[in-house]
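**Q** Have a look at this one.
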Amino acid sequence: MPSAYRAQLDALDSEIKALRPRERTEHFAADPVAFAKLVGLELDEWQHRVVAGKQPRTILLTSRQAGKSTTAALIALHEALFSPGSLTLLVSPSLRQSSELFRKVSELRQAVPWRVPLTEDNRLSMAVRGGGRVVSLPSSESTVRGYSGVTLLVEDEAARVDDALHLAVLPMLAVRRGRLILMSSAWARRGHFFETWENGANWHREKVTVYDVPRISPEWIEEQKATMPRSWFDSEYACVFVEPEDSVFAPADVYGALDESIQPLFGGSH
């Protein structure tokens, strides 16, 4: 971390300690970017837009190692600390991935320069006294039902989350009109993440390729391009959706062959 930025954090820390608890809560509740600085994060421009914007529907298409999990963990922690009665759910293709995202939330919580009082604290969830709760969920559609009043839903590696799981958690946002964040590297040209990126209306979009990540050197990028198949590099690092490997026909060709003017031979619908 640059020394100038470290000095800025130290000055901010002194300022925070001088505030009374109520003033401190109000200050950072209103300014999540200042809260990011407080816990030692220097946000990239796209992260700043997502954290500051508080958009109700956000979709992040990013390279690996772009910082999307850190961004989501920061937003989840801010929600838990400063939104009494809030409920944040973390969903991923596997429980291991969800718990890894939750671990980032916990690490950022430990960077807060005051004691965070907890009423629940374990490997998969936490609850802040006077604040909210954060829960990482298993990846099975049949086991995630039962939550309601969700204020923030984060779907990590959403391109690989089963559509049935995605559809099962969406109703949990209905009562409190919760915020939804879908984030992923690119994958196949199918599924809810691809469809939302291509066709979803009223979504805040951020596309971050590996070339947009200042922490990754050009030399490393060239090394990766030389050592992996081009389609794999494009998917993992260049935000390019690829054709499913198990498809006989490309989806674009199938959709192009459809003709709504042709009537079924034996009645019914297409």
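The values are calculated or read from the model by the stated rules, or taken from the named source; none is laboratory data. As the structure is a prediction and not an experimental result, all values here were calculated from the model. SASA here: full protein model, heavy atoms, side chains in, ligands and nucleic acids out. Shrake-Rupley method; radii C 1.70, N 1.55, O 1.52, S 1.80 Å.
**Q** State the percentage of accessible surface on the range 84-131 attributable to carbon and sulfur atoms; use a 1.4 Å probe and exclude ligands, DNA and RNA.
**A** 49
**Q** When the accessible area of the range 140-192 is computed with all protein chains present and a 1.4 Å probe, what percentage of it is carbon and sulfur? Please report the intermediate quantities before stating the final value.
**A** Working: 1140 of 2240 Å².
Accessible surface attributable to carbon and sulfur in the range 140-192 totals 51 percent.
**Q** May I ask you to give the solvent-accessible area per residue for the range 66-138, in square angstrom, as obtained with a 1.4 angstrom probe?
**A** That works out to 37 Å² per residue.
**Q** Expressed in nm to one decimal, what extension gain is obtained for the pair Asp121 and Thr25 from 0.36 nm per residue of sequence separation less their Cα-Cα distance?
**A** 32.4 nm
**Q** On to the next question. When the Cα atoms of the range 104-249 are enclosed in a convex hull and the volume is divided per residue, what value in Å³ results?
**A** 169
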